[in-house]
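Worksheet for the structure shown next.
The values are calculated or read from the model by the stated rules, or taken from the named source; none is laboratory data. All values derive from a computational prediction rather than experimental measurement. Backbone-built Cβ (ideal geometry, glycine too); neighbour counts: all protein chains shown.
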């Protein structure tokens, strides 16, 4: 059972939460606020301590002040933030070495009576993963007196070879049951609800197949550009940054078979089956793009090559449209088309399931068929919810049809949803791996995208504020967004 279901009833063992990169942007903006809200808002007992580890040569008091400032900027009461940081946060400079870190961990655990349960969160650049994992192993921190879990941020490698190498390094010291590869998209309530939507509602599950579905389109659109991340994005591109992880995770949840039970192993087994059934992409199934100057939301923005930190001869893509083929009984012949990009008209993550039109058009007007395909729009962010488009008869003489929608919005029923990191941190502390990525999932995703990563021709240009290159339209008849 997931931590979300039993956080209020099952006690959490005392633990030490070690954040490598504890002074970095991810820790300050995401991890510390999410961790604090988890303890305060979701019924978790405050039985843990936090140890930040980073390159800064500072002490406990300075780290507590830095962390309290980050919590206040996230909207948390200053007095409460300061008090909690003083009581629960400690700091260790990484320059002191792993033997000194091991001694500090023992000291904190003994003083607080923690019992040796540990979480090591690698909020680090990928280049630092190997040395950090090796350091933990060399000082026997990978096997503590209690349970030990290591959390690894994406990206999980740059290609299949590097992903296998990273998995090999992790598996040298940690069992797969100890490894939590985090993809924050899987922490979104709307992404998790894909399982409930499909397997708790026979109305949809009964038509969720090649006989009734025409196409499945997944859009992951960002209106922003680089926002100071040119150094990372130039090396990654949109395929590595979004498609390999976020988009393929959503695709596997949409396409998977029903698991034998709602447990981590069963769910992840079914996701991997989907990925294994996907053919490697051919060049004609891929369109890559790069934004030029344009207007987004009425504001003029520069082109990608004019962004600070971008090489003038860059061939990095900021847009990708890919047409996947799943070679299994349920989905054979149904295209799954993924579109992901920067500087698109608006921020949107949405799945559009287009059902087949009726085989005979009964409602003709001037020999023009009025019937439209039913489309189910599953919006994962923002304005999370569902819309089902269907045809109705317009009042009056004859049969004039009009498309209307049934609508559901999470915020209108449940209010604000918990943040993705809050959900995932709860599962780490409870040892639930359902929403985390297994090693074979990572490697299958890189296998599928390998041919795309080898493409060397320059991306096609598209103006900022558009939905990407015009040539992307050849991958699907009509892009769907709602």
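Cβ separations smaller than 6 Å between residues 6+ apart or across chains give the following pairs from segment 199-223 residues that are part of a helix (DSSP H, G or I) to residues that are surrounded by fewer than 21 Cβ atoms within 10 Å (Cβ to Cβ): 199/258; 205/198.
Restricting attention to segment 190-208, does a residue exist that is closer than 19 Å to residue 430 by Cβ and exposed (fewer than 15 other Cβ atoms within 10 Å of the Cβ)? Looking through segment 190-208, none of the residues is closer than 19 Å to residue 430 by Cβ and exposed (fewer than 15 other Cβ atoms within 10 Å of the Cβ). Only one of 18, 72, 53 is in the same structural domain as residue 132 (by TED's automatic domain parsing) and in contact (Cβ under 8 Å) with a residue 60 or more places away in the chain; which? Unique residue meeting the criteria: 18. Looking across segment 310-332, the residues that are in a loop (DSSP other than H, G, I, E, B) and either over 15 Å from residue 233 (Cα atoms) or under 24 Å from the mean Cα position of the chain (by Cα) (or both) come down to 316, 317, 318, 327, 328, 329, 330, 331, 332.
Among the residues of segment 308-331, those that are in contact (Cβ under 8 Å) with a residue 12 or more places away in the chain, within 17 Å of residue 228 (Cα to Cα) and either in contact with a strand residue (DSSP E or B) (Cβ under 9 Å, 6 or more places away or on another chain) or surrounded by fewer than 19 Cβ atoms within 10 Å (Cβ to Cβ) (or both) comprise 308, 309, 311, 314, 316, 317, 318. The condition (being modelled with pLDDT of 90 or more and loosely packed, with under 14 Cβ neighbours inside 10 Å) is satisfied by just one residue among 59, 135: 59.
So is residue 220 in contact with a helix residue (DSSP H, G or I) (Cβ under 7 Å, 6 or more places away or on another chain), closer than 27 Å to residue 358 by Cα and surrounded by 15 or more Cβ atoms within 10 Å (Cβ to Cβ) or not? So residue 220 does not fit the description; no.
Among the candidates 32, 38, 16, 51, the residue that is closer than 26 Å to residue 433 by Cα, surrounded by 21 or more Cβ atoms within 10 Å (Cβ to Cβ) and modelled with pLDDT under 90 is uniquely 38. Candidates in segment 66-94 are the residues that are within 20 Å of residue 16 (Cα to Cα) and out of contact with any helix residue (DSSP H, G or I) (no Cβ under 6 Å at 6 or more places or on another chain); of these, the one that is surrounded by the fewest Cβ atoms within 10 Å (Cβ to Cβ) is 87.
Considering each residue of segment 451-462 in turn, at least one proves to be surrounded by 22 or more Cβ atoms within 10 Å (Cβ to Cβ) and modelled with pLDDT of 90 or more.
Residue count for segment 437-450 under the criterion of being closer than 27 Å to residue 314 by Cβ and buried (at least 19 other Cβ atoms within 10 Å of the Cβ): the result is 5. Looking only at strands (runs of 3 or more DSSP E) that lie completely in segment 383-482, which have at least 3 residues being in the same structural domain as residue 354 (by TED's automatic domain parsing) and free of Cβ contacts under 8 Å to residues at least 40 places away in the same chain? Correct list: 385-393, 401-409.
Restricting 282, 288, 240 to those that are closer than 26 Å to residue 437 by Cβ, out of contact with any strand residue (DSSP E or B) (no Cβ under 8 Å at 6 or more places or on another chain), touching a residue at least 12 places away in the same chain (Cβ under 8 Å) and surrounded by 15 or more Cβ atoms within 10 Å (Cβ to Cβ) reduces the list to 240. If you check 72, 151 for being outside any strand (DSSP E or B) and within 17 Å of residue 26 (Cα to Cα), only one passes: 72.
Answer with yes or no whether residue 334 is in contact (Cβ under 8 Å) with a residue 60 or more places away in the chain and farther than 22 Å from residue 228 by Cβ. It is true that residue 334 is in contact (Cβ under 8 Å) with a residue 60 or more places away in the chain and farther than 22 Å from residue 228 by Cβ.
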